[in-house]
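Notes for the one structure printed next.
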Amino acid sequence: MRIPFIAGNWKMNLNNNEAIKFIQDMSFKFENRNNIKIAICPPFTSLRSAVIVVEDEIAKNEGFKIMVGAQNMYFEESGAYTGEVSPGMLKSLGIEYVIIGHSERRELFGETDESVNNKIKAALKHEIKPILCVGETLKIREEGNAVSYTLNQIRKDLKDISKSEVSSLTIAYEPIWAIGTGKNATPQDANEMCKAIRGEIRKIYDNGISENLIIQYGGSVKPSNIKELMAMPDIDGALVGGASIKVDDFLAIINY
Ligand code: PGA
């Protein structure tokens, strides 16, 4: 039984004060849903506050249960890497998840499958659960190569990661052409890719791991399309960008 998992990727939005207010508002309006996992991934500058405020709100409001993730990290433990943040630093803040390989990092900041692979290994070593993002560009989809491209990313990104390590991984299928564009993949197309990803995980690992793997869809997820996406058999959750920084929209998505 796969528990649905909705994560909010705030990207470079909301400063520290806005993050605190967001979490307090969210807790105030939260309706208890036991059968769902929820995470928010604020920028580094509000992670510490987010963890503290989430703990405070959980103490006050029994039904409120969300987790905090980061949007990126470096794979080394420490050293001369100006501007980077290590997995140990995230772990010491109480961070449970980290998004790895988001297409914006791949396209704008030179992230490669090799660095993604190193980051996943480093996160797993520190028991931070990675949310691995994969997905094709519009050009690749139009050429008919979306599935082979995305599965190739998975093979490279998970290279030399063992069965025992991979069980805490989440995969987010995010077609690049659907991110921030308002154009979401049809639930059928999104499901077809998520099913292919599950099949690839079965090939690399085994049936048990692939059946338990949480696969999210991401790309213009909003209150109006979440229900039909979540109704698909191989879509277990969503990685939400733009709609995750508005409390009411994010709650509507969670309460699909
Ligand atoms: P979007 O972003 O929901 O704004 O399309 C999704 C993402 O990039 O994770």
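Numbers at a glance
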read-out	value
Point-charge dipole on Cβ atoms (K/R +1, D/E -1) for the stretch 28-155, about Cα centre, debye to 20	280
Accessible area per residue, Å², the stretch 123-194 with all protein chains present, probe 1.4 Å	45
Solvent-accessible area, 1.4 Å probe, carbon plus sulfur percent, for the stretch 156-198	49
Global geometry of the stretch 9-159, whether rounded, prolate or oblate, following the gyration tensor of its Cα atoms and the 1.5 cut on a/c	prolate
Within straight-line cross-link reach of Lys227, aspartates and glutamates at Cα separation under 14 Å, skipping those fewer than 8 residues along the same chain	Asp236, Asp249
Contour excess over end-to-end distance, with Cα ends at Arg155 and Gln188 and 0.36 nm allotted per residue	9.5 nm
Normalised contact order of the stretch 62-218, rounded percent, pairs of Cα under 8 Å and 6 or more residues apart	20
Given charges at beta-carbon only (K, R positive; D, E negative), |dipole| of the chain in Debye	200
Cα-Cα over 18 Å, subset of Lys11/Lys156; Lys11/Lys65; Lys11/Lys91; Lys29/Lys65	Lys11/Lys156; Lys11/Lys65; Lys11/Lys91
Net charge dipole size for the stretch 105-256 [Lys, Arg +1 and Asp, Glu -1 on Cβ; Debye, nearest 20]	200
Max mean-square fluctuation residue, GNM over the chain, Cα-Cα springs under 10 Å, options Asn145, Asn225, Asn118	Asn145
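The values are calculated or read from the model by the stated rules, or taken from the named source; none is laboratory data. Because the structure is a prediction, the values reported are computed rather than measured. No Cβ is skipped: glycine too gets one built from the backbone with ideal geometry, and neighbour counts run over all protein chains shown. Only protein heavy atoms, including side chains, enter the accessible area calculation; ligands, DNA and RNA are left aside. Shrake-Rupley method; radii C 1.70, N 1.55, O 1.52, S 1.80 Å.
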